[in-house]
Amino acid sequence: MWKNHKRTIILTTILCLLPIVAGLIFWDQLPEQLAIHFNSAGEPDNWASKPVAVLGMPVFIAALHLLCLFITAQDPKKQNITGVMKTLMLWICPFISWLCAGMTIGYALESVRNIGAVVCVFLGILFMVIGNYLPKCLPSYTVGIKLPWTLHDEGNWRYTHRIGGFCFMAAGLVTLVSAFFGPVWLPLTALALAVIVPTVASFLYYKKHS
């Protein structure tokens, strides 16, 4: 599946690791403990040593990137994964690596403070991209809303993914707005509904047509 994308895989893996360079540049200015996780209020609630935050996180994301590509290549229905989804899968981990490094290093250097807004903007855009793609998504075991009844019924798959597309688009808009206005629980509620509504709709479709 990925044999025609070898150069892109190498490039994206290198990009996953490049934040290490930024961390080494600012190494002497960074504290010994860096915030690597933030709660819904944008406050740090988990910390890691400087070597783990600067070196370990990009390596972990690069390894996750390669693992996801390997698993996708083993999908029996991999021919149904379109070029748009392949592009998203190739570039999402490098983007996440740079985002995490930017938040971690930026927060430590006191140049980034509104972590919640940054995360909401990223997630809002990501949800909208997913929502736009879902109705076009063909059945596979690694991409899409993978439920027992969607995988074995193309009608159910199409129905579920049309609803899922609308729900994720709505969740994306809500999340984007909540980056600047609204309570912190709003994007979490929107995401929960974006997952629950298509799942329930899919099950009801299955019961009706079984």
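Nothing in this text is a laboratory measurement; each read-out follows from the coordinates by a stated rule. Treat the numbers as computed from the prediction; the structure is a model and nothing was measured. Note: ideal-geometry Cβ built from the backbone for every residue, glycine included; neighbour counts use all protein chains shown.
Along each principal axis of its Cα atoms, how long is the stretch 1-113 end to end? Whole angstroms, biggest number first, please.
That gives 47, 30, 19 Å along the principal axes, largest extent first.
Compute log10 of I(q)/I(0) for the chain with the Debye formula, placing one identical point scatterer on every Cα and leaving out solvent, at q = 0.11, 0.14 Å⁻¹, to two decimals.
-0.63, -0.96
Against the longest alpha carbon principal axis of the chain, how many degrees, from 0 to 90 and to the nearest 10, is the axis of helix 6-17 turned?
The helix 6-17 is inclined about 50 degrees to the chain.
Given the stretch 62-210, what count of lysine pairs have C-alpha atoms under 20 Å apart, with each pair 8 or more places apart or on different chains?
Total qualifying Lys-Lys pairs in the stretch 62-210 comes to 11.
Using amide H atoms built in the peptide plane, which far-off residues or other-chain residues are under 5 Å from His37 H to H?
Asp45, Asn46
Using only the alpha carbon atoms of the stretch 114-210, find the Kirkwood hydrodynamic radius as the inverse mean reciprocal pair distance, in angstroms to one decimal.
13.7
For the stretch 119-125, just list the computed ³J(HN,Hα) in residue order, Karplus coefficients 6.51, -1.76 and 1.60, θ = phi - 60°, integers in Hz, with x standing in for Gly and Pro.
Couplings: 5, 5, 5, 4, 5, x, 5 Hz.
Could you compute the net charge surrounding Gly164? Neighbours are other residues with a C-beta less than 14 Å from the C-beta of Gly164; K and R count +1, D and E count -1.
+4
In whole Å and largest first, what semi-axes does the C-alpha gyration tensor of the stretch 77-123 yield when each eigenvalue is scaled by 5 and square-rooted?
The three semi-axes for the stretch 77-123 are 31, 11, 6 Å.
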